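Visitor: Handing you this structure, nothing more for now.
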Amino acid sequence: MAGADVALPAARRVMRVAPWALGGLCAVLVVAGFSLGVELSNLHNGLIAAAFTAVGVFVVAKRPGNREGWLFIATGLAHAVMFFGRQYGLSAGHGNDALPGAEWVTWVGVWPLALVLVLSGVTLMCFPDGRLPSPRWRLVVAAMVAAGALLALASALWPVEYADDALSVPHPLHVGGYETAQRLWNLIGPSSYSLFQLAWVAAVVVRMRRAEGDEARQLRWFAYAVAMGAAAMAVGLIALRSPVPGVLAVPVIPLAAGIAIAKYRLYDIDPVINKTLVVGTMAAIITAGYVVMVVGVGRLIGVEAGPSPVLSLVATAIVAIAFEPARRRVQRVADRLVYGDRPSPYEALARLSTQLSRGGRHAELFAGLASTVADGVGAAEVTLWVGADEQLVAVASWPPPADQRSQLVTGHTQLAALQDGERAHVRRIVHQGSMRGAVTLTKAPGEVLTNSEDRLLHDLVAQAGLVIDNAELGVELQHRLHEISVQAAELQAAAKRIVGAQYEARRRIERDLHDGAQQRLVTLALSLQSVSERAAATGADDDLAAKLAEARHQLSQALAELREMARGIHPAILTQEGLEAAVGFLAERAPLPVRVDVRLQRRLPQDVEATAYFVVSEALTNAAKHSGASSIAVAGRLRDGWLRIEVTDDGRGGADGRLGSGLQGLVDRLATLEGQLTVDSPAGGGTRLRAEIPCG
Amino acid sequence: MLADDAVLFREGTARVLSEAGFDVAGQAGNAAELLDLVRRDPPAAAIIDIRMPPGQTAEGIQAAVEIRQISPDVGLLLLSQHVETHHAMRLITEFQRGVGYLLKDRVSDLATFASDVRRVANGDCVIDPELVTRLIDKQREGDPLAELTERERTVLGLMAQGRSNSALSTELYVSGKTVEAHVRSIFTKLNLPPDACDHRRVLAVLAFLRS
């Protein structure tokens with residue numbers, strides 16, 4: 001454990017120091033090499049060594065874990081070795097005799113070329129993340145390494161590359177079969193080198209085609225640099241018949257790659273490419289125009305003695321007239337090349353309306369809106385704000401924030417603050433007369449918002465009002481719905497509690513009446529009885545006896561009334577015997593004949609029994625009072641956890657819509673139990689009242 | 001012997017029964033006490049409140065069932081604040097004889113109550129007139145009672161309460177023969193075979209009423 005603890009910081013320290021050490025080594029080799037003179041044939045090696053190593057060290061220092069940085073250092077260092085060896089050999093060849101061991105040092109600078117080319121190819125293939133585009137490329141790399149090793153071995157044994165490089169220092173080894181080796185080399189060597197180049201170009205193209213987002217932007221930097229290098233080489237060779245401009249442009253490639261790895265988010269390459277394309281093309285067109293006019297036409301009309309001032313004037317005039325239309329067309333082509341699938345205004349609007357109609361979460365809609373605006377007007381950054389003038393909240397941005405959680409500006413911002421930005425374009429989002437938010441966008445440096453882009457932005461912003469409105473409406477609606485459902489649940493629970501409490505109170509009152517008032521009155525009746533007996537025994541007058549008899553009668557009436565009242569409040573039979581017996585009891589007391597067919601098998605929850613009881617009671621009362629029925633049937637069953645109880649009469653019907661107030665109260669009570677009441681009462685067809693109550 | 005958890009009522013009943021010449025052998029506040037007393041000294045009749053502790057439902061009926069097993073000759077008179085048909089049916093079908101079912105109110109009419117207690121003690125059946133009235137007054141589909149005369153209805157009601165023919169003739173101030181004629185007429189109209197036994201008559205009447 002202790003070893004690991006020590007080893008880890010040590011390894012880390014090595015990792016931190018190593019790039020600088022390697023960079024220093026490279027610098028020493030390059031500086032030493034140049035101190036031996038400047039050789040055009042070897043210049044590119046020195047430049048590559050310096051540029052790649054410097055960029056590699058820079059990248060690794062910034063991002064120690066970056067594999068591509070290490071590959072750059074390796075490539076640079078290999079070139080430095082090669083550069084120094086060749087400088088040494090070239091210098092010795094020019095007669096610098098003060099250089100010892102020139103044969104071997106030169107040898108070290110020559111034979112690794114094949115392997116160094118392979119290394120460089122792999123480095124470029126692995127741009128920008130230090131990994132091959134896909135595992136399948138490993139086969140290509142393996143083939144390259146095998147071929148490179150074979151070629152390097154040949155080069156190490158025989159001086160097959162010495163002639164090309166104008167090296168006059170002899171090869172240190174003298175192995176037989178040189179002629180055969182040289183013939184084979186001429187056959188394989190140069191073509192293999194070309195294939196190595198082709199391989200990395202292919203890798204970069206493959207990568208570019210499927211790259212998205214950041215990687216695409218990084219690759220664009222790189223491709224731009226390669227294109228510039230190639231252009232410089234081409235222009236140099238054609239115009240100046242010299243590879244020097246191309247060689248001097250070589251460091252641009254690692255430089256661009258370095259920026260792409262470390263700084264791509266800071267600089268947008270697209271406008272640069274765009275401008276280069278336009279300027280380059282225009283320059284070529286103008287040059288071509290001049291050449292055609294001044295040289296070609298001059299020749300035709302026989303002006304041989306140098307350029308004619310008249311033709312030059314005419315050419316200038318033509319170029320001046322054609323310049324702006326040509327530039328516009330070139331710009332359009334360049335735009336299409338650089339920005340690729342930037343949608344037309346129509347496409348942008350169509351895409352937005354598709355997104356809108358597809359719906360989805362409002363966060364996605366906002367993000368879609370921001371990206372549509374960005375695509376539509378070619379903005380570098382777009383932010384969508386929601387809210388009124390003084391309190392805007394950023395809800396979406398493009399490019400999407402790298403870290404979803406830490407995204408966006410939080411808190412409120414004022415519109416005025418947004419307008420402060422230099423390159424910022426701010427558009428208020430107004431919907432139905434009130435401000436709903438804002439869109440802010442910045443274009444890349446040097447780019448302006450063209451009229452057509454401005455019009456598109458205007459149209460998109462008009463749609464944005466709708467998006468925000470919908471989103472807010474949706475949120476508001478969902479919020480309300482949630483509140484309502486919560487309230488409904490609370491109300492339902494409260495109603496159930498109230499009804500339950502009511503039944504409980506009724507039961508208690510009935511019990512209190514039974515144990516209290518009724519008992520006392522009966523006892524009072526007994527006392528009165530005693531008094532009557534006593535009065536009769538003591539021969540009291542008839543008046544007293546009559547009054548006592550009257551009192552007993554009154555008391556008896558009071559007891560009967562009290563009994564009825566207690567029953568109405570809550571029938572004891574329901575509590576004691578259950579619904580079946582209680583319905584039988586109701587039927588027995590109904591003024592009409594009642595057929596009872598209630599079979600339940602078990603006792604039900606108290607609230608359910610009480611509600612069902614009162615439903616039947618009310619239905620029987622109504623039937624007797626209003627329906628003119630001659631008979632009533634009560635049927636009840638318990639099935640699938642539901643109590644269904646039906647009261648049917650053969651009366652005149654037509655009771656729809658005029659439930660008695662008692663029945664309405666029962667509908668409410670049923671609702672608290674999540675039950676329901678249906679009344680079927682066709683005129684002349686009797687009335688059927690059906691209660692359904694869930695009882696678990 | 002008396003059993004009721006309401007002390008005042010129990011004492012009052014005991015007093016009026018004593019005044020009416022009964023010997024109140026014992027009083028109990030619940031079913032268990034009552035059963036103890038009955039085991040020790042079986043009385044001629046036990047007057048029992050249907051609703052007693054601990055459940056306050058129908059403990060009295062359960063106690064009555066046990067008394068009948070312990071001592072079959074004890075007349076059982078059950079009292080209640082309200083009378084239910086199904087209780088009446090259950091009592092009559094369960095005990096067949098020497099059983100009564102009355103509202104507590106009836107205690108205040110000492111003469112009738114005393115006679116009811118005696119009849120129960122003698123093995124007759126007694127049903128509360130309110131229950132009988134309720135059933136007889138009730139309209140029915142294809143009601144055979146509709147064919148009865150007013151007088152016959154009265155007779156049927158008294159029969160249903162468990163009165164004998166002689167009691168009927170006393171009550172209605174008519175001769176025994178007249179009563180017999182009424183009873184025969186009722187039985188004919190209701191399609192019931194005549195029967196000498198009172199409780200059979202009650203049973204038959206109630207069974208018919210409940211049908």
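Visitor: Among the residues of segment A:618-627, is there at least one that is within 11 Å of chain B (Cβ to nearest Cβ) and open to solvent by 30 Å² or more (accessible area, probe 1.4 Å)? Show your work before the answer.
Guide: Looking only at segment A:618-627, we keep the residues that are within 11 Å of chain B (Cβ to nearest Cβ), and these are A:624.
Filter once more, keeping what is open to solvent by 30 Å² or more (accessible area, probe 1.4 Å): A:624.
Scanning segment A:618-627 turns up at least one residue that is within 11 Å of chain B (Cβ to nearest Cβ) and open to solvent by 30 Å² or more (accessible area, probe 1.4 Å).
Visitor: Looking at residue A:517 and the list (1) open to solvent by 60 Å² or more (accessible area, probe 1.4 Å); (2) in contact (Cβ under 8 Å) with a residue 24 or more places away in the chain, which single condition is not satisfied?
Guide: (1)
Visitor: Out of B:115, B:166, B:175, report the one residue that is modelled with pLDDT of 80 or more, open to solvent by 40 Å² or more (accessible area, probe 1.4 Å) and under 25 Å from residue A:563 (Cβ atoms). Break it down stepwise before answering.
Guide: Details: B:166 fails: under 25 Å from residue A:563 (Cβ atoms); B:175 fails: under 25 Å from residue A:563 (Cβ atoms).
It is B:115.
Visitor: Output yes when any residue across segment A:453-461 is open to solvent by 90 Å² or more (accessible area, probe 1.4 Å), touching a residue at least 60 places away in the same chain (Cβ under 8 Å) and charged (D, E, K, R), and no when none is. Working first, answer last.
Guide: Pass one, segment A:453-461, residues open to solvent by 90 Å² or more (accessible area, probe 1.4 Å): A:455, A:458.
Still in the running and touching a residue at least 60 places away in the same chain (Cβ under 8 Å): A:455.
Within this subset, residues satisfying the condition of being charged (D, E, K, R) are A:455.
Yes, that holds for at least one residue.
Visitor: Continuing with this model, one more query. Counting only residues that are surrounded by fewer than 15 Cβ atoms within 10 Å (Cβ to Cβ) and assigned to a loop (DSSP other than H, G, I, E, B), how many does segment A:674-696 have? First the steps, then the outcome.
Guide: Taking segment A:674-696 first, the residues surrounded by fewer than 15 Cβ atoms within 10 Å (Cβ to Cβ) are A:674, A:676, A:678, A:682-685, A:694, A:696.
Adding the requirement that they be assigned to a loop (DSSP other than H, G, I, E, B) leaves A:674, A:682-685, A:696.
Count: 6.
Conditions tested, residue by residue: (1) of a type in the set (S, T, N, Q); (2) away from chain A (no Cβ under 12 Å).
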{"site": "B:63", "(1), (2)": "no, yes"}
{"site": "B:66", "(1), (2)": "no, yes"}
{"site": "B:69", "(1), (2)": "yes, yes"}
{"site": "B:89", "(1), (2)": "no, no"}
{"site": "B:99", "(1), (2)": "no, yes"}
{"site": "B:104", "(1), (2)": "no, no"}
{"site": "B:111", "(1), (2)": "no, no"}
{"site": "B:125", "(1), (2)": "no, yes"}
{"site": "B:131", "(1), (2)": "no, no"}
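Visitor: Just checking, how many residues over segment A:524-557 are surrounded by 16 or more Cβ atoms within 10 Å (Cβ to Cβ) and more than 10 Å from chain B (Cβ to nearest Cβ)?
Guide: Adding up the residues that qualify gives 1.
Visitor: Could you list all residues from segment A:628-651 that are crowded, with 17+ Cβ neighbours inside 10 Å and among the basic types (Lys, Arg)?
Guide: none
Visitor: Within segment A:482-500, is even one residue basic (Lys, Arg), in contact (Cβ under 8 Å) with a residue 12 or more places away in the chain and touching a Ser or Thr at 6+ places or on another chain (Cβ under 6 Å)? I'd like the intermediate steps shown before the answer.
Guide: Pass one, segment A:482-500, residues basic (Lys, Arg): A:496-497.
After this cut, where a residue has to be in contact (Cβ under 8 Å) with a residue 12 or more places away in the chain as well, the list is A:496.
Subsequent filtering for residues that are touching a Ser or Thr at 6+ places or on another chain (Cβ under 6 Å) retains A:496.
Looking for residues that are basic (Lys, Arg), in contact (Cβ under 8 Å) with a residue 12 or more places away in the chain and touching a Ser or Thr at 6+ places or on another chain (Cβ under 6 Å), one finds at least one in segment A:482-500, hence yes.
Visitor: So residue A:517 passes all but one of these: (1) of a type outside the set (Val, Ile, Thr); (2) part of a helix (DSSP H, G or I); (3) more than 14 Å from chain B (Cβ to nearest Cβ). Which condition number does it fail?
Guide: For residue A:517, the exception is condition (3).
Visitor: If you go through segment B:8-39 one residue at a time, how many are more than 10 Å from chain A (Cβ to nearest Cβ), in a helix (DSSP H, G or I) and open to solvent by 70 Å² or more (accessible area, probe 1.4 Å)?
Guide: So the answer is 3.
Visitor: Let me ask you something else. Scan segment A:578-604 for residues that are open to solvent by 60 Å² or more (accessible area, probe 1.4 Å) and more than 7 Å from every other protein chain (Cβ to nearest Cβ) and report the count. Working first, answer last.
Guide: Narrowing segment A:578-604 to residues open to solvent by 60 Å² or more (accessible area, probe 1.4 Å): A:580, A:589, A:591, A:595-596, A:599, A:601-603.
Still in the running and more than 7 Å from every other protein chain (Cβ to nearest Cβ): A:580, A:595-596, A:599, A:601-603.
Total meeting the criteria: 7.
Visitor: Can you pull out the residues in segment A:46-67 that are open to solvent by less than 10 Å² (accessible area, probe 1.4 Å) and modelled with pLDDT under 85?
Guide: Listed by number, the residues that qualify are A:59, A:60.
Visitor: Now, a different point. Could you give me the residue pairs with C-beta distances under 8 Å whose first residue belongs to segment A:552-577 and is assigned to a helix (DSSP H, G or I), whose second residue is open to solvent by 70 Å² or more (accessible area, probe 1.4 Å) wherever it lies, and which are 6+ apart or on separate chains?
Guide: Between residues of segment A:552-577 that are assigned to a helix (DSSP H, G or I) and residues that are open to solvent by 70 Å² or more (accessible area, probe 1.4 Å), the close pairs are A:555/A:524; A:566/A:509; A:569/A:509; A:575/A:606.
The values are calculated or read from the model by the stated rules, or taken from the named source; none is laboratory data. Bear in mind the structure is a predicted one, so any value in this text is a computation, not a measurement. Note that we place each Cβ from the backbone using ideal geometry, even for glycine, and neighbour counts take in every protein chain shown. Just the protein is used for accessible areas: all its heavy atoms, side chains included, with ligands, DNA and RNA removed. Shrake-Rupley method; radii C 1.70, N 1.55, O 1.52, S 1.80 Å.
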